[in-house]
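Read the structure below first, then the notes.
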Amino acid sequence: MADQRFAGQTVMITGAAGGFGAEAARRFAALGARLALSDRDESGLERIRTQLKDSAADVLIEAYDVGNENETKAHIDQILERFGSLDIALNNAGICHDLKPLTQLAVEDLDRMFAVNVRGVFLGMKYQIPVMAKAGRGAIVNMASAAGLVGAGMLSAYAASKHAVVGLTRSAADETGRSGVRINAVCPSFAQTAMYQTFSEALAESQNRPASEIDAAFTKRSPMGRVIRSDEVISAVLWLADPHNTAVHGQAIPVDGGLTAV
């Protein structure tokens, strides 16, 4: 019998046009969920919806800015109108800046990281929590980063934004523990995504080294000896969102091949 553990549940995923978000959409759809997918990349959303046709998932897509409060609220209202519930949310939308030491970053770089990476999670939870609390149940997973647990040279503004995501997660969890809403964060290290590819190529260019050397350096640094995969990150998301996982709350779970353990 096919695993349909999320059958009848509505899952909201931001940043769903690629990377972790697209992988999450595919995995939740295969497990029976109804999906509300958003991104600023409308063509990317259409591409994901086409990919999901064979899964028979009921899919709502909308292009909007997660840092805009009115648009966030309107999207959640639309989810409730379409599906009647919001059971799980993956606040995944995020961006990164160019590799630069802190002294060479502009204030605008910092502001841009917080406008998307932090405001998106803050606004998502602001409107997700009351809906879920009213129902007496729900699970929110915020996409943070290993850079939200440790320092990340050349990525200081990005790391600051991901530390903020961890702080928001833990603080919101402290407020919602008795409501039936569980809130956690996943903290991946570099994974095989387009963002990693861009980062690797930029680092190679800045150091005038072949990209293969950069990949080898990351592999050597990892206790597992490899870059993690997107599906491994989303397996952690599925575990945190599972309705049978009733006691994990307020945690920032590293999915990093042991990188932050040493």
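Taken together, the values in this text are just the output of simple stated rules run on the coordinates, not laboratory data. What you see is a predicted model, and the numbers here were worked out from it, not measured in a lab. FYI the Cβ positions are ideal-geometry reconstructions off the backbone, even for glycines, and counts take in every protein chain you see.
Worth pointing out:
- Percentage of interatomic Cα-Cα distances in the chain larger than 27 Å: 34 percent
- Label separation (LYS220 vs ALA133): 5.1 nm, computed from points 7 Å beyond Cα along the C-beta direction.
- When the C-alpha to C-alpha distance is required to be over 31 Å, the pairs from LYS53/LYS162; LYS134/LYS162; LYS100/LYS220 that qualify are LYS53/LYS162.
- Of the DSSP H helices in the chain, those whose Cα atoms cover at least 15 Å axially and whose Kyte score averages -1.0 or more: 19-30, 119-135, 156-176, 194-206, 211-221, 230-241
- Mean separation of Cα contacts under 8 Å (6+ apart) over length of the chain, as relative contact order %: 18 percent
- Cβ-based net charge around ASP231, under 13 Å, with every Lys or Arg adding one and every Asp or Glu removing one: +1
- Sorting the segments 223-230, 184-191 by their mean number of nearby beta carbons within 10 angstrom, highest to lowest, gives 184-191, 223-230.
- ASP54 versus GLU69: modelled label distance in nm, points set 7 Å from Cα along the beta carbon direction: 4.4 nm
- For segment 108-189, the list of trypsin sites (Lys or Arg not before Pro) that fall in a loop by DSSP and count at most 12 other C-beta atoms within 10 angstrom reads ARG178.
- Dividing the mean sequence gap of close Cα pairs (under 8 Å, 6+ apart) by how many residues segment 50-117 holds gives a relative contact order of 28 percent.
- Spin-label model, TRP239/GLU81: points 7 Å from Cα along the beta carbon direction are separated by 3.9 nm.
- Mean residue ellipticity (222 nm) of the chain, computed from DSSP H runs ≥ 4 via -39,500 (n - 2.57), nearest 500: -14500 deg cm²/dmol
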